[in-house]
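Asker: Got a structure for you, written out below as C-alpha cells; questions coming shortly.
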Amino acid sequence: MSLFNPGKVRVLTARARDWFFSWRAFPAWLFLLYLILFGVWIPFLGFNWDDWPHSFLARNFGPQGIFRYFVDERPFAGCTLMLFSPLLGGSIPGWQVLSLALRFGAVLAFWWFLITLWPEREAEAALAALVFAIYPVFSQQAQSITYHQLWTQFLLFFLSLGWTVLSIRRPEHFLRFTILAVLALLLNLTITEYFYGVELARLVVIWLALAERAQTQRSIF
C-alpha cells in the first residue's frame, strides 16, 4: 500500500485552503498576526519624529491651524489629521491603534482586490497579502500620526482597484462600481501626491480584467 495517496493529499489541501485562505479564515488569521507582531507593543510606544509637530499643531491650534499648516503645498493633506485629532487628541495608544487598524484595512483591501481580479487564486492572494502585511523593509509603523495617512491612501487605492475590476466583471452594476472607484481614487490623490505614479497600474488591472472577461465569454460561446 502506497504511503502517498493523491486523493487524501487533495482533501488535505482543500481543508488547508479553507482553514487558512477562505473569506472567513484569512481576516481572522491576519488580525491575530497583527495582534502578536504589533498590538502587544502598543502600550510601550510613544510619538516619534513627525508625530510630535503634528500632535503639537492639532493640540494647540485645532483644525484651522492644521489647515493653514498644509494649505500652501498640500491643501487637503491635513484632512485626515483634522478628522481624527478631535477624536484621539494626544492619546498615544489611540493613534497607534488607529494606524494599525488602517494598515490592517489596507492589507484586507489588497487581498480583496487580488481575489476579485483572480477569484480562483485564493491561496496566492493570501500569501501576497501576508508579504504586504509584514513587509520587513518598512520599519516605521511606530510613527502612528505620520503614517496613518499612508495607510489611508493604501486602503483607498486598493478599494478603488477592486471596484474598477467589479465595474468590468459586473456590467449590470457598471455605473455603481465606477462611481465608487472614482470617488476612492479622488480621495486618495487629494491627500498626497505619492500615488500619482502608481495609478499607471490601473491600466494593467483594466487590461487583465478585460482579458479575463473576453476569455470567459469565449469559453461560454
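Asker: Round to the nearest 0.05 the FRET efficiency obtained for Ile206 and Ser139 when R0 = 25 Å and r is the Cβ-Cβ distance.
Answerer: It comes out at approximately 0.15.
Asker: Sorted from largest down, what three extents in whole angstroms do the Cα atoms of the chain have along their principal axes?
Answerer: Answer, in whole Å and largest first: 73, 45, 26 Å.
Asker: Also: Mind checking which helices in the chain clear 20 Å along their axis (Cα) and have mean Kyte-Doolittle hydropathy of 1.6 or more, DSSP H runs only?
Answerer: Details: long enough: 6-21 (21 Å, -0.19); 92-117 (38 Å, 1.52); 144-169 (37 Å, 0.83); 174-191 (26 Å, 2.20); 201-220 (29 Å, 0.48).
Those that pass (Cα extent of 20 Å or more, hydropathy at least 1.6) are 174-191.
Asker: In addition: Give, rounded to the nearest 20 debye, the magnitude of the charge dipole that the stretch 26-220 has about its Cα centre when Lys and Arg contribute +1 at Cβ and Asp and Glu contribute -1 at Cβ.
Answerer: In total the dipole reaches around 340 debye.
Asker: Here is a follow-up. Can you find, among Val71, Leu127, Leu187, the residue farthest towards the positive end of the dipole of the stretch 26-220? Put +1 on the C-beta of Lys and Arg, -1 on that of Asp and Glu.
Answerer: Farthest towards the positive pole: Leu187.
Asker: A further question follows. Tell me the label-point distance for the pair Trp49, Ile179, using the 7 Å Cα-to-Cβ offset, in nm and rounded to one decimal.
Answerer: Simple spin-label model gives 4.0 nm for this pair.
Asker: If we sort 60-72, 141-153 on the protection proxy, mean other Cβ atoms within 10 Å, highest first, what's the order?
Answerer: Details: 60-72: 13.7, 141-153: 21.8.
Highest-to-lowest ranking by the protection proxy: 141-153, 60-72.
Throughout, read-outs are computed from the coordinates displayed, never taken from laboratory work. In this text the structure is predicted, and so the values were computed from the model without any measurement. In this analysis, Cβ positions are derived from the backbone assuming ideal geometry, glycine residues included, and neighbour counts consider all displayed protein chains.
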